[in-house]
Protein chains: 2
Amino acid sequence: MNRSIIKPQTLKGFRDYLPSAMMARERLIETARAVYRSFGFSPIDTPALEYSEILLGKGGEETDKQMFRFHDQGNRDVSMRFDLTIPFARFAAQHLHELVLPFKRYHIGTVWRAEKPQKGRFREFMQCDFDTIGTTSNASDIETLFVIHDLMEAIGFQDFTIRINNRLILNGLLEKLHLEEHSAGVLRALDKLSKIGVENVQSELVEKVGIETGQAREILRLVGVEGSPEEILSQLENSGLDSEKAAEGIQRLRELLRACQQAKIPSERVKLDLSIARGLDYYTGTIYETFLNERLSFGSVCSGGRYDNLAELFTKQELPGVGASLGLDRLLAAMEDLGLLAESKTPAPILVTCFLKERAADYLRIGRLLRKANLAAEVFPDSKPLGKQLKYASQKGFRIALIAGENEFESDHWQVKDLSTGTQQEVPESELVATVEDILAS
Amino acid sequence: MNRSIIKPQTLKGFRDYLPSAMMARERLIETARAVYRSFGFSPIDTPALEYSEILLGKGGEETDKQMFRFHDQGNRDVSMRFDLTIPFARFAAQHLHELVLPFKRYHIGTVWRAEKPQKGRFREFMQCDFDTIGTTSNASDIETLFVIHDLMEAIGFQDFTIRINNRLILNGLLEKLHLEEHSAGVLRALDKLSKIGVENVQSELVEKVGIETGQAREILRLVGVEGSPEEILSQLENSGLDSEKAAEGIQRLRELLRACQQAKIPSERVKLDLSIARGLDYYTGTIYETFLNERLSFGSVCSGGRYDNLAELFTKQELPGVGASLGLDRLLAAMEDLGLLAESKTPAPILVTCFLKERAADYLRIGRLLRKANLAAEVFPDSKPLGKQLKYASQKGFRIALIAGENEFESDHWQVKDLSTGTQQEVPESELVATVEDILAS
């Protein structure tokens, strides 16, 4: 049969993960999972496909347009999920009777958006969310910050800042100014502060959002308060902003900051920043953004906040909660940029080379022996020239090569080659594991 | 705003994973990953969506009909992947220049098929494949069996059988009988042996496949040879089947069995069964099927084989290989049936209860202290009555509850309650970690 070759290619905006990229990704996911679990968050999963009516209109017009939407074999109108928040809301409403509240879950899953592909933006990417629902307790807000902090440390970062705010403060002011119904527009404008500056935000507030210049100034004065967390909170309390809502926000921030001190979280890692708004109207309380101080341009790598009601579209039961999402792809890009990713293409540090074809079973046996000692080992399957096998080892990033020919088999010895130094030693099989462990530990 | 409630529901044939199911799934995936890695297989991933032409016609007519296929925003004809083999073939062809051969990869990913939903069959499920490509060496066939064996053991099974065969033996006979072009039909018929019996398979071979009765008998006599592996191989060698192909198959099986002995794999776990054919025409050499002896009805939970050419549709370069796929969902169902799954809904064994609201930061601090000692701990966020918190603890399956009120805080002590025995002891904070570790180890 003479078949024509089909061009092997991925779709625009999609990509394959080769081993070194995928290993970095798996390591990051494993770290996130371990940290979430250590706080008692349990995993869930939801389908990639949902009824379109579940997803439509929840992320705004832009997201609707970006949804991969079609009719399935049963003519159902279905769509691929574009985030993990809406599926979680649907999940919580659907399984409410099976969940014990408060419910703490993490969800690590792929989502799809037909965005215009551009550098670093893909149509398929992974989200990594954790949330606590069914409680309004500030203890959960505090814990959310602890999770973010411990996660960043566990990944290997030292130099990062978690910026916090509480939406109640701004909402208190907007109430006083009778501007509650402009809240979404105000948030959208404030979200641009760091990009376009105070004056342009003020123009937008007046011209686009349609509020008075004096009010715009008052809003910008509030979010512009700077200083140490304690100074900011004192200034707020003395600002004459007579609002119960704002007072509650200030109180919750004060508790949060005190808890960080008690937990001995380095103070430079937590910054109170009244200007962060996180565009979304959805958040109603504490807000979190996380920046790598050496790569601020990558934006926030872990963001979230408190909300009043997760699943109002799917159930009448109110489900307040708090959570955040780790920006996996952004983080990986930053780590690559910072040189924090290993370049290895193999998860095993040891290559057992194959010198004599008829000794295949012996090479395989040594692989087993190493694995039983918790040492990952690959056995080369073909008796190619040793030089080729060593080239293979260096191309893939192995640390150690084991070599044995007839002489070694007769005397029960192995040649152990440290590929990073080039040194080689002959050891009896009984000392092989210990020798390899020594090299790997060095 | 008075919105109407959208009914929270998943699509027909799709399902959510709640914590206890998802934890079992994650544990299984982690085990598979660890075993694959220990042999030097590295992870890859490919997109959920592919150009339809990549996937169409590769799995047969049935699979084509079951594909979720649609036109995307750019009017591209796209489909969701229905297995991980075709995407791997496309991947290998596309990235050939970046891969160093032999290339060993594992791929754990979700696939979609619009099958008629039935008990235990879903439209979204996970596959868990590993393959070695770029070598015809029998060492890789042997290693594939080792991987399957170690995987089953690592999951926790003792009583399982890996049935092996080599397609070359049957192919050798078919060549002798000049029936090569009927190979696919013969394989399909033989695949039904255990279900419909010898006589019905003979009828099918004659009536449907269209071969002579004498030939059908000869085929059935070959695949019916029984006994210990050594007996079967001797019978084959003495059967007068004069075929180089068959002789190579016999030789490779002999080496495989010898290597199992050398590796001290219990002999009852490896069975030579000439009747297993694995329907697919795709396999050309060693074949593997794995059965749980206590749950034979679940079918093979890990199957695979050797093939001559992985990616012939996408590249002219020949890529021989060998691999297998772990049936994750089937295995989970069998484990549940065998009572091998833990029922816990929490990944953390310890619940820090909240007795005094104003002490929230102290409860959170203790959570941190436990985590630093590698003990996963959840902190209850609300100061609800203790009885309610203990009910929460038992509903979710916590093992230990920690309790502290004013008295305890004054004396720096904690009440440690073992929830499985109901016993409670008071220990100073400095001994908390050791006490908790003792209970968890008991």
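So A:GLU255 passes all but one of these: (1) within 30 Å of B:ARG371 (Cα to Cα); (2) charged (D, E, K, R); (3) assigned to a loop (DSSP other than H, G, I, E, B). Which condition number does it fail?
It is condition (3) that A:GLU255 fails.
Taking the condition among the aromatic types (Phe, Trp, Tyr) and under 20 Å from B:LEU11 (Cβ atoms), does B:PHE122 pass?
Criteria met by B:PHE122.
From B:ARG258, B:ARG278, grab the single residue that is within 14 Å of another protein chain (Cβ to nearest Cβ) and either modelled with pLDDT under 95 or out of contact with any His (no Cβ under 7 Å at 6 or more places or on another chain) (or both). Break it down into steps so the answer makes sense when it comes.
On the way: B:ARG278 fails: within 14 Å of another protein chain (Cβ to nearest Cβ).
Exactly one of B:ARG258, B:ARG278 is within 14 Å of another protein chain (Cβ to nearest Cβ) and either modelled with pLDDT under 95 or out of contact with any His (no Cβ under 7 Å at 6 or more places or on another chain) (or both), namely B:ARG258.
Can you work out which of the residues in the range B:56-108 that are assigned to a loop (DSSP other than H, G, I, E, B) and among the basic types (Lys, Arg) is modelled with the lowest pLDDT? Give the steps one after another, and end with the answer.
Of the range B:56-108, the ones assigned to a loop (DSSP other than H, G, I, E, B) are B:56-60, B:67-68, B:72-76, B:81-84, B:95, B:99-102.
Still in the list and also among the basic types (Lys, Arg): B:58, B:76, B:81.
Details: B:LYS58: 82, B:ARG76: 96, B:ARG81: 97.
So the residue we want is B:LYS58.
Quick grid of which residues meet (1) under 17 Å from B:GLN94 (Cα atoms); (2) within 10 Å of chain A (Cβ to nearest Cβ):
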| site | (1), (2) |
| --- | --- |
| B:ILE29 | no, no |
| B:ARG33 | no, yes |
| B:SER42 | no, yes |
| B:PRO47 | yes, yes |
| B:GLU62 | no, no |
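Could you list all residues from the range B:240-252 that are more than 14 Å from chain A (Cβ to nearest Cβ) and at negative phi? Even if it seems obvious, please write down each step before you answer.
Restricting attention to the range B:240-252, the residues satisfying the condition of being more than 14 Å from chain A (Cβ to nearest Cβ) are B:240-250.
Result: B:LEU241, B:ASP242, B:SER243, B:GLU244, B:LYS245, B:ALA246, B:ALA247, B:GLU248, B:GLY249, B:ILE250.
Residue check, A:GLU318 against (1) touching a residue at least 12 places away in the same chain (Cβ under 8 Å); (2) away from chain B (no Cβ under 12 Å); (3) touching a Leu at 6+ places or on another chain (Cβ under 9 Å), all met but one. Which one?
Unmet condition: (1).
Hey, can you tell me all the residues within the range B:390-438 that are assigned to a helix (DSSP H, G or I) and touching a Pro at 6+ places or on another chain (Cβ under 9 Å)?
As a first pass, look at the range B:390-438 and keep what is assigned to a helix (DSSP H, G or I): B:390-396, B:406-411, B:429-438.
Selection gives B:TYR392, B:LYS396, B:SER411, B:VAL436.
Select, from A:GLU248, A:GLU268, A:GLU218, A:GLU199, the only residue that is in contact with a strand residue (DSSP E or B) (Cβ under 9 Å, 6 or more places away or on another chain), over 30 Å from A:GLU312 (Cβ atoms) and assigned to a helix (DSSP H, G or I).
A:GLU268
Any chance you could count how many residues in the range A:145-163 are of a type in the set (Val, Ile, Thr) and either within 11 Å of chain B (Cβ to nearest Cβ) or part of a helix (DSSP H, G or I) (or both)?
Residues of the range A:145-163 of a type in the set (Val, Ile, Thr): A:147-148, A:155, A:161-162.
Okay, now just the ones that are also either within 11 Å of chain B (Cβ to nearest Cβ) or part of a helix (DSSP H, G or I) (or both), so A:147-148, A:155.
Count: 3.
Can you name the residue in the range B:49-58 that is among the aliphatic types (A, V, I, L, M) and within 7 Å of another protein chain (Cβ to nearest Cβ) and is also nearest to the chain's Cα centre (by Cα) among such residues? Please lay out each step first, then the result.
Quick first cut of the range B:49-58, residues among the aliphatic types (A, V, I, L, M) only: B:49, B:54-56.
Keeping just the survivors that are within 7 Å of another protein chain (Cβ to nearest Cβ) gives B:49, B:54.
Numbers: B:LEU49: 22, B:ILE54: 25 Å.
Result: B:LEU49.
Give just the number: which of (1) more than 8 Å from chain A (Cβ to nearest Cβ); (2) basic (Lys, Arg); (3) closer than 29 Å to A:PHE314 by Cα does B:LYS7 not satisfy?
Every condition holds for B:LYS7 apart from (1).
Quick one: what pairs do we get from the range A:201-212, first residue of a type in the set (Asp, Glu), second assigned to a loop (DSSP other than H, G, I, E, B) and modelled with pLDDT under 95, C-beta under 9 Å, 6+ apart or different chains?
Short answer, once both residue conditions are applied: A:GLU204/A:LYS192; A:GLU212/A:LEU177.
Looking only at the range A:112-130, how many residues end up being within 14 Å of A:MET80 (Cα to Cα) and either facing another protein chain (nearest Cβ under 10 Å) or charged (D, E, K, R) (or both)?
7
Among the listed residues A:ILE142, A:ILE133, A:ILE108, A:ILE86, identify the single one that is facing chain B (nearest Cβ under 8 Å) and of a type in the set (A, V, I, L, M). If you could, list the steps in order and put the result at the bottom.
Working: A:ILE133 fails: facing chain B (nearest Cβ under 8 Å); A:ILE108 fails: facing chain B (nearest Cβ under 8 Å); A:ILE86 fails: facing chain B (nearest Cβ under 8 Å).
Just one listed residue meets the conditions, A:ILE142.
Filter the range B:64-78 down to residues that are more than 7 Å from chain A (Cβ to nearest Cβ) and surrounded by 14 or more Cβ atoms within 10 Å (Cβ to Cβ) and give me whichever is farthest from A:ARG69 (Cα to Cα).
Among those residues, the one meeting the criterion is B:ASP64.
I'm told B:GLN127 meets every condition in (1) farther than 23 Å from B:LEU310 by Cα; (2) crowded, with 19+ Cβ neighbours inside 10 Å; (3) of a type outside the set (Gly, Ala, Ser) except one. Can you identify the failing condition by its number?
Exception for B:GLN127: condition (1).
Is it the case, given these coordinates, that A:ARG81 is touching a residue at least 12 places away in the same chain (Cβ under 8 Å), surrounded by fewer than 22 Cβ atoms within 10 Å (Cβ to Cβ) and either touching an Asp or Glu at 6+ places or on another chain (Cβ under 9 Å) or not assigned by TED's automatic domain parsing to the domain that holds A:ARG123 (or both)? Steps first, please.
Working: touching a residue at least 12 places away in the same chain (Cβ under 8 Å): yes; surrounded by fewer than 22 Cβ atoms within 10 Å (Cβ to Cβ): no; either touching an Asp or Glu at 6+ places or on another chain (Cβ under 9 Å) or not assigned by TED's automatic domain parsing to the domain that holds A:ARG123 (or both): yes.
No.
Looking only at the range A:109-121, how many residues end up being in a loop (DSSP other than H, G, I, E, B) and surrounded by fewer than 17 Cβ atoms within 10 Å (Cβ to Cβ)?
Going through the range A:109-121, the residues in a loop (DSSP other than H, G, I, E, B) turn out to be A:113-117, A:119-120.
Adding the requirement that they be surrounded by fewer than 17 Cβ atoms within 10 Å (Cβ to Cβ) leaves A:116-117, A:119-120.
Number satisfying all stated conditions: 4.
Mind listing whichever residues of the range A:150-199 are surrounded by fewer than 23 Cβ atoms within 10 Å (Cβ to Cβ), out of contact with any Ser or Thr (no Cβ under 8 Å at 6 or more places or on another chain) and in contact (Cβ under 8 Å) with a residue 60 or more places away in the chain?
Across the range A:150-199, the qualifying residues are A:GLY156, A:PHE157, A:ASP159, A:SER183, A:ALA184, A:LEU187, A:ARG188, A:ASP191.
Filter the range B:330-356 for residues that are more than 8 Å from chain A (Cβ to nearest Cβ), of a type outside the set (S, T, N, Q) and closer than 15 Å to A:GLU143 by Cβ and give the result. Let's see the steps before the verdict.
Going residue by residue through the range B:330-356, those that are more than 8 Å from chain A (Cβ to nearest Cβ) are B:330-344, B:349-350, B:352-353, B:355-356.
Still in the running and of a type outside the set (S, T, N, Q): B:330-343, B:349-350, B:352, B:355-356.
Listed by number, the residues that qualify are B:ILE350, B:VAL352.
The values are calculated or read from the model by the stated rules, or taken from the named source; none is laboratory data. Worth saying up front: this structure is predicted, and the values here are computed from it rather than measured. Cβ sites come from the backbone with ideal geometry, for glycine too, and all protein chains shown count toward neighbours.
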